[in-house]
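Undergrad: Just dropping this structure here.
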Amino acid sequence: MVWRLLLILNLLIAPAWAFGQTNADDYFHKGVQYYIFGEKTNAVREIYTGLKTYPTDQKLNAAAKLLQKKEPEDKNNSKSSQQNQKHKQDQKDQKDQKDQKQQQKQDQKSDEQKKEEEKARQEQAKKDKEKKEQEAKQASEAAQKDQQNENAEQTAAAELHMSPQEARNLLDSLKDDSKVLLFSPTNQPGKAQRGRFKDW
């Protein structure tokens with residue numbers, strides 16, 4: 001309703017403003033136009049400038065009262081919009097904090113997983129190293145056994161191997177002992193009787 005009244009007044013007084021007269025009506029119409037188009041600061045400036053020059057003008061005083069009534073609503077609106085912005089900002093901050101905590105948890109899980117993987121790798125490397133050392137030890141022991149066997153074989157072969165002089169000596173000693181052994185039994189039984197078999 002107020003808007004309609006202001007618009008009608010503006011349309012009625014606009015022709016006077018067009019002629020360039022600066023009076024109370026001009027200030028009123030400029031202020032109302034600014035107010036209608038949403039330029040509240042310019043509207044307030046025009047109305048209060050007009051009131052300084054024409055303090056008793058009814059239209060300017062009514063417009064000033066209207067602007068004063070609207071200011072608290074605007075303040076409330078601005079407060080509520082500020083509260084809404086603050087609420088949105090708080091929600092955004094909470095969401096950011098939540099996201100950050102989730103990211104930290106994921107990073108911790110990732111770090112723990114990396115640590116476990118590294119630990120598993122180290123254990124596997126340790127097992128591999130021990131296995132290689134065991135294999136090297138077994139190979140070394142097998143090589144030592146082979147060497148001992150080879151040494152034993154060489155020693156046995158050396159013991160069995162005779163020099164030509166030793167071979168001659170051995171043959172000579174065997175010649176002396178190579179007498180024909182005649183078998184002469186000490187207990188001779190009597191002559192075997194015919195028809196009887198020998199008792200073995």
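Undergrad: Condition first: among the small types (G, A, S) and exposed (fewer than 15 other Cβ atoms within 10 Å of the Cβ). Now tell me which residues in segment 26-72 satisfy that.
TA: To start, the set of residues in segment 26-72 that are among the small types (G, A, S) comprises 31, 38, 43, 50, 62-64.
Matches in segment 26-72: G38 only.
Undergrad: If we scan segment 132-144, do we find a residue that is among the hydroxyl-bearing types (S, T, Y) and at pLDDT 85 or above? Can you show your working first?
TA: Going through segment 132-144, the residues among the hydroxyl-bearing types (S, T, Y) turn out to be 140.
If we keep only those that are at pLDDT 85 or above as well, we get 140.
The answer is yes; a qualifying residue exists.
The values are calculated or read from the model by the stated rules, or taken from the named source; none is laboratory data. This is a predicted model, so every value here is computed, not measured. Methodologically, a virtual Cβ is constructed for each residue, glycine included, from the backbone with ideal geometry; neighbour enumeration extends over all protein chains shown.
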